[in-house]
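The values are calculated or read from the model by the stated rules, or taken from the named source; none is laboratory data. Please read all numbers here as calculations on a predicted model, not as lab measurements. Note: ideal-geometry Cβ built from the backbone for every residue, glycine included; neighbour counts use all protein chains shown.
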Amino acid sequence: MEALANGRIGKKLDKKTLRKLREIALLRGQLLQKVSKLEAQLRGKERSVEECLKLPGTAKGRNQLRRALRATPFPRYEPAKNRPGILIRTEADGTSKRGRFVGRKFEVLDVT
């Protein structure tokens with residue numbers, strides 16, 4: 001259509017060619033409308049900061065966190081209960097070890 005508008009195509013076009021060009025322009029417009037509708041739907045799934053800040057401490061927030069943590073790769077780390085500064089590393093096979101990070105490396109604590 002741009003070529004037609006810019007005069008790069010000869011002025012004498014047969015009816016069949018003009019009909020095809022109109023069909024292409026119509027389909028292009030329909031496609032652009034569908035794309036913009038999909039983009040609007042995706043934007044609708046976004047949440048504002050205020051909405052996100054309401055989630056922690058609620059059942060919905062805990063479920064969302066649980067799903068997100070399950071989706072992360074192994075090993076997984078979590079704080080040890082009643083042991084400040086100690087982490088529990090869980091491997092893919094389910095084994096767990098207590099330790100802490102020293103110089104960006106996880107060091108397992110002796111279990112004695």
Are there any strands (runs of 3 or more DSSP E) wholly within segment 29-107 with 1 or more residues that are among the small types (Gly, Ala, Ser), and if so which?
96-102
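Are any residues in segment 15-56 among the acidic types (Asp, Glu), at pLDDT below 85 and surrounded by 10 or more Cβ atoms within 10 Å (Cβ to Cβ), and if so, which ones?
Of everything in segment 15-56, just one residue is among the acidic types (Asp, Glu), at pLDDT below 85 and surrounded by 10 or more Cβ atoms within 10 Å (Cβ to Cβ), namely Glu39.
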State which residue is farthest from the chain's Cα centre (by Cα) when the search covers only segment 81-100 and only residues that are surrounded by 12 or more Cβ atoms within 10 Å (Cβ to Cβ) and more than 28 Å from Cys52 (Cβ to Cβ).
Arg83
